[in-house]
Each structure stands twice: as C-alpha cells, then as structure tokens.
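The values are calculated or read from the model by the stated rules, or taken from the named source; none is laboratory data. None of these values were measured; they are calculated from a predicted model. Here the Cβ positions follow ideal geometry from the backbone for every residue, glycine too, while neighbour counts run over all protein chains shown.
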Amino acid sequence: MPLADTPSNKSLPKRRSQRLLLRVPVQARRKVKGVDVPPDDTETLAVNAHGALVLLKPPAEEGEHLLLQNIMTKEEQICRVVYLGQIEGKRLQVGVEFVSPAPNFWPVVFPPEDWSAVGKDTRPAPKS
C-alpha cells in the first residue's frame with residue numbers, strides 16, 4: 001500500500017549551505033513602504049553562506065530588500081527577505097538571502113565544507 005504524502009515522508013528541499021547558530025551583531029537599513037526607517041541595530045540567530053535569520057523591528061515583507069552590515073567587520077551586503085517567522089519580544093524573525101553569495105561575510109573560522117560551493121545550487125532539481 002503506498003504511503004500518503006504527509007509531512008513525515010515528503011522530501012523537503014535541502015538547504016544550499018549548512019546553517020550555524022551564531023549571534024552576530026548587525027545593522028539593517030531599509031525602507032518600509034518606500035520611506036527610510038532609522039537603522040535597526042540587531043543580531044542574527046543563525047547564519048549560512050547565503051544569508052541569515054535576523055531579528056528586525058516589524059513590519060517586514062517577503063521580497064523586501066535591505067542593506068545588512070556586519071558590525072564587527074563593517075562589511076555590507078544587500079539582502080532580500082525570503083522568510084517571515086515568529087515574533088520574539090518586539091522583533092520579528094526574518095530570513096534574509098544575500099543578493100550575491102558572500103560566504104566570508106560571517107566571522108566563521110572553520111566554515112562547513114558546503115560553504116565553499118556557494119556558486120552552485122546544491123539543492124536537488126525539482127521533479128517535473
């Protein structure tokens with residue numbers, strides 16, 4: 001008897017690079033409804049070679065662009081909001097993806113092996 005598609009047996013797309021639980025102080029600069037808002041000094045909850053999960057002051061919208069600065073290195077990357085999560089205190093968990101891959105943006109001395117394959121998408125091809 002075939003198994004029904006349930007969350008426990010569906011194959012989920014794999015991440016492009018391993019996620020590390022790492023709190024890094026960052027500053028997010030963005031526009032909300034076309035208006036510049038004051039810089040948001042915050043931190044990451046998790047990072048990977050393609051982006052991060054950060055805490056931002058709401059509101060935020062999927063597809064929104066922002067400039068993320070690593071406070072420690074002063075490096076900046078343009079990011080796109082790809083995930084809206086839970087509220088923590090007065091902040092929203094927001095998944096951001098670098099517009100251009102930047103595996104060296106995070107202060108990781110021993111990055112996971114899959115961070116070196118940033119140029120290629122390591123997720124399986126979608127089924128036709």
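For the range 8-15, check the following and say yes or no: at least one residue is at pLDDT 90 or above, over 18 Å from Val99 (Cα atoms) and of a type in the set (A, V, I, L, M).
Checking the range 8-15: not a single residue is at pLDDT 90 or above, over 18 Å from Val99 (Cα atoms) and of a type in the set (A, V, I, L, M).
Somewhere in the range 61-82, is a residue touching a Ser or Thr at 6+ places or on another chain (Cβ under 8 Å) and more than 27 Å from Asp114 (Cβ to Cβ)?
no
Can you tell me how many residues in the range 46-78 are in contact (Cβ under 8 Å) with a residue 40 or more places away in the chain, buried (at least 20 other Cβ atoms within 10 Å of the Cβ) and in a strand (DSSP E or B)?
So the answer is 7.
Filter the range 16-43 for residues that are in contact (Cβ under 8 Å) with a residue 40 or more places away in the chain and not aliphatic (A, V, I, L, M); which is surrounded by the most Cβ atoms within 10 Å (Cβ to Cβ)?
Ser17
Val94 - would you say it is closer than 14 Å to Asp40 by Cβ, at pLDDT 95 or above, under 11 Å from the mean Cα position of the chain (by Cα) and of a type in the set (A, V, I, L, M)?
Judged against the criteria, Val94 is a match.
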